[in-house]
Number of protein chains: 2
Amino acid sequence: MDLTLIAIACGVIAVIYGIFTSSQVLKAPAGNQRMIDIAGAIQEGASAYLGRQYTTIAIVGVVVAVLVGVFLGLVPAVAFVIGAVLSGAAGYIGMNISVRANVRTAEAARTSLQGGLTTAFRSGAITGMLVAGLALLAIAGLFYVLVGVQGAEPESREVVNALVALAFGASLISIFARLGGGIFTKAADVGADLVGKVEAGIPEDDPRNPAVIADNVGDNVGDCAGMAADLFETYVVTVGATMVLTALLIGTQAADITALMALPLLVGGVCIITSIIGTYMVRLGKNGSIMGALYKGFWTTAGLSIPALYLATQFALGDLNAPIGGGSAASGLVEGAVAEQTGGFTGMDLFYCMLIGLAVTGLLVWITEYYTGTNYRPVKSIAKASETGHGTNVIQGLAISLESTALPTLVICIAIIASYLLAGLIGIAFAATAMLALAGMVVALDAYGPVTDNAGGIAEMAGMDDEVRGRTDALDAVGNTTKAVTKGYAIGSAALAALVLFGAYTTDLTEFASELGIGAAGVDFSLSNPYVVVGLLLGALLPYLFGALGMTAVGRAAGDVVLDVREQFRSNPGIMDGSSRPNYARTVDLVTKAAIKEMIIPSLLPVLAPIVVYFAIAAVAGREQGFAALGALLLGVIVSGLFVAISMTSGGGAWDNAKKYIEDGNYGGKGSEAHKAAVTGDTVGDPYKDTAGPAVNPMIKITNIVALLLLAALAGGTGV
Amino acid sequence: MDLTLIAIACGVIAVIYGIFTSSQVLKAPAGNQRMIDIAGAIQEGASAYLGRQYTTIAIVGVVVAVLVGVFLGLVPAVAFVIGAVLSGAAGYIGMNISVRANVRTAEAARTSLQGGLTTAFRSGAITGMLVAGLALLAIAGLFYVLVGVQGAEPESREVVNALVALAFGASLISIFARLGGGIFTKAADVGADLVGKVEAGIPEDDPRNPAVIADNVGDNVGDCAGMAADLFETYVVTVGATMVLTALLIGTQAADITALMALPLLVGGVCIITSIIGTYMVRLGKNGSIMGALYKGFWTTAGLSIPALYLATQFALGDLNAPIGGGSAASGLVEGAVAEQTGGFTGMDLFYCMLIGLAVTGLLVWITEYYTGTNYRPVKSIAKASETGHGTNVIQGLAISLESTALPTLVICIAIIASYLLAGLIGIAFAATAMLALAGMVVALDAYGPVTDNAGGIAEMAGMDDEVRGRTDALDAVGNTTKAVTKGYAIGSAALAALVLFGAYTTDLTEFASELGIGAAGVDFSLSNPYVVVGLLLGALLPYLFGALGMTAVGRAAGDVVLDVREQFRSNPGIMDGSSRPNYARTVDLVTKAAIKEMIIPSLLPVLAPIVVYFAIAAVAGREQGFAALGALLLGVIVSGLFVAISMTSGGGAWDNAKKYIEDGNYGGKGSEAHKAAVTGDTVGDPYKDTAGPAVNPMIKITNIVALLLLAALAGGTGV
């Protein structure tokens, strides 16, 4: 249990870092009264949003917690609540820091670029470390209490069910936060533009528009809170699934199963330390490159993580070259060819798998930057296509969005094969864990984005100097890239995590075979089984349907915004002449309500689909085929979801930066016909990259987790 | 062999129908000199296109034929050539009728709507019957020569390889025709608009624009020739694959394998007769509904096909209730659960499977009409979204395109399960065969579209009366729907056909196991095999990459058109003042060259990907895993391709008709801001629905066929 305690200590360090850095950020001056007013309006909106969202989620959460309790027992229900509360807390705290750091970043940018960068990045780093720290504390704490305190066997059903339920809690909040936040931010954005710019003829960031504050709130809601909950969830699911898979596949065969199960926790712990060190390396160099400064932090963390992972593995497992589970017994540990080829795996193999995880992270960052950065062919080609109109801009953007799936897929495929050859399914799980171990640093880079975005808005609205505005613009442009990069990382790691969950599902089926009434022949997962084909097709459908619902929801909610703002202008004429302050909270509350309402059906989709498909197929063709179709559904969601998510997030990012590229003076610059076309592309890309695309991540995992819980429930539940 | 001879006779009847109806169409008056001039220019363009395209394809074809000969033997090489030549011929003849019927349709519309409808539909019916007739003649003729004349065993490798090679020939031409035609038509369309309307300021269908004729040629090239080759290929592949699967799965176990293998041929034959009867039912009713007239023909064919299929099955198999393959031996015929559940299958089961195929056809037609017709929610929602701008139009269109995949997927899944429960994989194959048996009628409805489209253009350019123009517009509007409907049918049947091919692949692997060096454990197609996961991911990538390449190609080729037209205007000033005729053939030849050049890499993708993936995985993990990954790749292409193709074709059709809906006077009508936004959506939808989307069909099948050929070649080839 020592390893677990070390991991807990690292989690605590992350929280302390968060508290300490928060006080640093909050100590900074918040600017003049006008700036404080604007920031206050955004904070007011944030409170309105959080109040409403958490009320609604709490209702759903309580119902689900009761269901988990009834079908699976008390411990999983408690674990579910812990996962849900901490996932919500990660988003809540992140957003709260973000809405306070925005105005301080604008104020700091008055003095110097470095000042603005430091404030914005520190704020992001707080969110990042809290996400990683709280996630690690949740899993490690649960594991410690169950195994260390209550004395449960680490590989027992009790521990496994609790870990899965913890992940479920985190995922359920995450899909709400991601999708709700995504609908919120884009509904406010589109609605504000339609009613403000088009109808009332007031500028984009004008504080007289009640929806403009909602728009600013939306940046924090979607890009900060939603993203934080998503990464928290991915972290919990990945580390949890790695532990579950270790328990299911290796069980008592390992010499020290507790150490092996705790290794992912230790990996998470040491990478929190390397991430914290990395945050202190974010400084502008001589060339003044902001991206360079951020990358300095990222690469420091990645570089330091290599020896850290080696030492952690050695510390946990002792002799790195000893076969895990002991010599010839190893053939039972891992499936298929790998056992024959390697005769089991060693600690060294696991270390290599983790290096693969780090390499995948680096490559995905690089590929996403290529597809969304203004320096490369894809974005330039969209900008060029804008010269010939709206249609050609969108066509080229769609072509790029389709194309952008190719390299990430190849990288993921190679990673799957390489880590599988090294250590079977467990190898894939450890590669995914290493990817997620860097989450603290990656989230820091991402959460920096909405802060600078808001800072730019505040600088504009408060009428600050052009010089200051220039600095916030420079910071913001980089924020666009880091946001896109995180999304590539998030979906890549989500795909690997989902594969690990799928591995847990198939292993679970074998484990539970007798309780589930599965015959001796087992479940036929072969591709030549038509129920598998049907499962794959239905699974592949889910991200499409989910995307369709998400994009339609944005349109409908934006319509609600338009009606509300029109009504505020009509009933309070003082708004337009500046004598009266609009009711920001009302618009925010309306968008919140609309977003919450609109996200219910899409969020139910991944929760209910596995259950419906299982029972439908089981009714027609028996339990075995039901399980086969359900398993195929899970893989179908992963395969199709990966492409839908990457194409949407990369395509959206490319459209966004193609507009920026033109605004930088290319192809006619701001106000040209090309620019108008690029604005259209950007609008199209918005719900792609900020609503539908990123929400596919939690959707993929929720489907898989629900399937695992369904198995546990069908097998007779209360493993407690 | 009697059954085969009957099928051949039906094929001959189709050809006679084509010749007879051609003479009817060509006898009709071709209008005044201006009309004849314009039509002449389109014909000139068509000749230029065909000359160039077939020259290029011939080079590729000869190389591939030699490779087939070397690796598989002489008979497959000859079969390949037959498939290729007839697939090309179907497209060639179809286009030639189409470019002659267009002007005659315009002339007939001068007298009455019924006159225009009759001429246009007859022209489509010629293409339809020739596609079905030639396809049936190719397969039935080959089967007759090999089995009836040369005395080969019907289930021998010689026959199987020859049928697969025949399908390969058809598919290779088809992917060229579909993709090349798709790039051609959209490059000409977009290019003509850019340089004519935008730069030179001349109207859309102005004969002074050298690219406008290329645009008209493109309608025929893409929508007629490309579509005809595609459906020819789907027909050959589906019927051929059903025969191959029957041979592989049942072999000598059936009482009369020759009759069972010939049944798909007979099914195709009788449905040609019902299709011909249906074409005579296309008449305007009292309500004057054109769509109603066309549907009268379609439903007549579908209705008559039910008893026809029953009688054909009874005629071929005798007692419909006798188990096929004989009682208890049946458990070896079909895989897995079905054998236990049904104890084999009967002729009646096969008949039910064919009814399922007919039902799928009807449902897909209905669903596609719902998603692309102006009377329903989807198109109206896009039109409404156009009110708020280009961006919201595209967002709503993308949402609809994603959503439109749901119902077809459910229909296909239910059909798979139902036909599998009835008669296993063979049942799925017969369902697909019944779908394709209606190809003659469906192609007739589709090929009607480009004729009316051209007729409208000719009426406009020749300055005919508004009344005439009104009639051609009415005919054309319906053509848009029928074109969309056919695409839904084509991709649905392609998915089922591909599943049948996949079944043939897995069966083939078992058959060839010893020659292929596969161990006793066989190939592990289980989803928990990571090579299967990798194969699925790589397969799912192919349609995305293919789509990206196709859409980018349209953009680039359109650029070439712009340059050429500028140069013609510059070097020949007489064009603009009407004193000199532009060099239409040059522009057409240029677009052809660009289209052919642009389609090489995308077309190589599905041919080379299976080979590369097999050898790469086999090198890393051994032959078995290579076959597993290859099989998964095939299924990945089907699963992902279905969604990419449906979303693109339905979405594109919906955008197109949303524009038409606004032009009908809704949301401000022609010239309004909403209309401009709808034009953008239509432009985006163009390469979606006419280039990338439909070309996915042959791509899916080519991947599967190449895999089958690879197996045959690896197993030592010359089964002759």
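The values are calculated or read from the model by the stated rules, or taken from the named source; none is laboratory data. Since this is a predicted model, take the numbers as computed values, not measurements. Here Cβ is always computed from backbone atoms with ideal geometry, including for glycine, and neighbour counts include all displayed protein chains. When the accessible area is computed, the model is the full protein with side chains, heavy atoms only, and any ligands, DNA or RNA have been set aside. Shrake-Rupley method; radii C 1.70, N 1.55, O 1.52, S 1.80 Å.
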- Note on the structure: By residue number, the members of the stretch A:1-49 that are at pLDDT below 90 and in contact with a Ser or Thr (Cβ under 9 Å, 6 or more places away or on another chain) are A:1, A:3, A:28, A:45, A:46, A:48, A:49
- Message: Go through the stretch A:563-588 and report how many residues are touching a helix residue (DSSP H, G or I) at 6+ places or on another chain (Cβ under 8 Å) and loosely packed, with under 14 Cβ neighbours inside 10 Å.
- Response: 2
- Scan of the stretch B:392-409 for residues that are among the small types (Gly, Ala, Ser) and either more than 7 Å from chain A (Cβ to nearest Cβ) or open to solvent by 10 Å² or more (accessible area, probe 1.4 Å) (or both), ordered by number: B:397, B:401, B:404, B:406
- over 19 Å from residue B:544 (Cβ atoms) and open to solvent by 10 Å² or more (accessible area, probe 1.4 Å) - does that describe any residue in the stretch B:624-639? yes
- Given (1) more than 9 Å from chain B (Cβ to nearest Cβ); (2) modelled with pLDDT of 90 or more; (3) open to solvent by less than 20 Å² (accessible area, probe 1.4 Å), residue A:420 misses just (1)
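Output the residues belonging to the stretch A:138-153 that are hydrophobic (A, V, I, L, M, F, W, C) and either surrounded by fewer than 24 Cβ atoms within 10 Å (Cβ to Cβ) or in contact with a Ser or Thr (Cβ under 6 Å, 6 or more places away or on another chain) (or both).
A:140, A:142, A:143, A:145, A:146, A:147, A:149, A:152
Of the residues that make up the stretch A:653-668, is at least one without any contact (Cβ under 8 Å) to a residue 12 or more places away in the chain and open to solvent by 10 Å² or more (accessible area, probe 1.4 Å)? Please lay out each step first, then the result.
Step one: of the stretch A:653-668, the residues without any contact (Cβ under 8 Å) to a residue 12 or more places away in the chain are A:665.
Okay, now just the ones that are also open to solvent by 10 Å² or more (accessible area, probe 1.4 Å), so A:665.
Yes, there is a match, as at least one residue in the stretch A:653-668 is without any contact (Cβ under 8 Å) to a residue 12 or more places away in the chain and open to solvent by 10 Å² or more (accessible area, probe 1.4 Å).
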- Message: Going by what's in this entry, would residue B:442 be described as away from chain A (no Cβ under 14 Å), closer than 25 Å to residue B:504 by Cβ and β-branched (Val, Ile, Thr)?
- Response: yes
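Results for (1) among the basic types (Lys, Arg); (2) facing another protein chain (nearest Cβ under 9 Å), shown as yes or no for each residue.
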{"residue": "B:571", "(1), (2)": "no, no"}
{"residue": "B:593", "(1), (2)": "yes, no"}
{"residue": "B:606", "(1), (2)": "no, no"}
{"residue": "B:621", "(1), (2)": "no, yes"}
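Among the residues that make up the stretch A:111-128, is at least one of them among the β-branched types (Val, Ile, Thr) and over 26 Å from the mean Cα position of the chain (by Cα)? So that I can check it myself, show each step before the final result.
Residues of the stretch A:111-128 that are among the β-branched types (Val, Ile, Thr), as a first pass: A:111, A:118-119, A:126-127.
Going one step further and asking which of them are over 26 Å from the mean Cα position of the chain (by Cα), we end up with A:111.
Yes, that holds for at least one residue.
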- Note on the structure: Going through the stretch B:495-544 in order, the residues found to be outside any loop (DSSP other than H, G, I, E, B), within 10 Å of chain A (Cβ to nearest Cβ) and of a type in the set (Val, Ile, Thr) are B:506, B:507, B:510, B:532, B:533, B:534
- Query: Quick check: anything in the stretch B:227-238 open to solvent by 10 Å² or more (accessible area, probe 1.4 Å) and not basic (Lys, Arg)?
  - Reply: no
- Query: Which condition does residue B:560 not pass, out of (1) more than 21 Å from residue A:531 (Cβ to Cβ); (2) buried (at least 24 other Cβ atoms within 10 Å of the Cβ); (3) more than 7 Å from chain A (Cβ to nearest Cβ), if it passes all the others?
  - Reply: (2)
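Output the number of residues of the stretch A:443-476 satisfying the condition of being open to solvent by 10 Å² or more (accessible area, probe 1.4 Å) and either of a type in the set (A, V, I, L, M, F, W, C) or under 29 Å from residue A:15 (Cα atoms) (or both).
Summing the residues that are open to solvent by 10 Å² or more (accessible area, probe 1.4 Å) and either of a type in the set (A, V, I, L, M, F, W, C) or under 29 Å from residue A:15 (Cα atoms) (or both) in the stretch A:443-476 gives 7.
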- Message: Of everything in the stretch B:334-373, what is within 14 Å of chain A (Cβ to nearest Cβ) and modelled with pLDDT under 85? Give them in sequence order.
- Response: B:334, B:335, B:336, B:337, B:338, B:339, B:340, B:341, B:342
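Scan the stretch B:215-247 residue by residue and report those that are farther than 30 Å from residue B:558 by Cα and touching an Asp or Glu at 6+ places or on another chain (Cβ under 6 Å). Give the steps one after another, and end with the answer.
Keep residues of the stretch B:215-247 that are farther than 30 Å from residue B:558 by Cα, which gives B:235-247.
Once the filter is applied, which keeps residues that are farther than 30 Å from residue B:558 by Cα and touching an Asp or Glu at 6+ places or on another chain (Cβ under 6 Å), the stretch B:215-247 yields only B:247.
How many of the residues making up the stretch A:402-460 are in a helix (DSSP H, G or I) and closer than 25 Å to residue B:533 by Cα? I'd like the intermediate steps shown before the answer.
Applying the first criterion (in a helix (DSSP H, G or I)) to the stretch A:402-460 yields A:402-403, A:406-437, A:439-460.
If we keep only those that are closer than 25 Å to residue B:533 by Cα too, we end up with A:402-403, A:406-437.
Number satisfying all stated conditions: 34.
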- Message: Pairs please, first residue from the stretch A:379-405 and hydroxyl-bearing (Ser, Thr, Tyr), second anywhere and not in a helix (DSSP H, G or I), Cβ atoms under 9 Å, 6+ apart in sequence or on different chains.
- Response: A:386/A:672
- touching a helix residue (DSSP H, G or I) at 6+ places or on another chain (Cβ under 8 Å) and not in a helix (DSSP H, G or I) - does that describe any residue in the stretch A:227-249? no
- Would you be able to tell me the number of residues in the stretch A:22-35 that are on the phi < 0 side of the Ramachandran plot, open to solvent by less than 70 Å² (accessible area, probe 1.4 Å) and more than 23 Å from the chain's Cα centre (by Cα)? 7
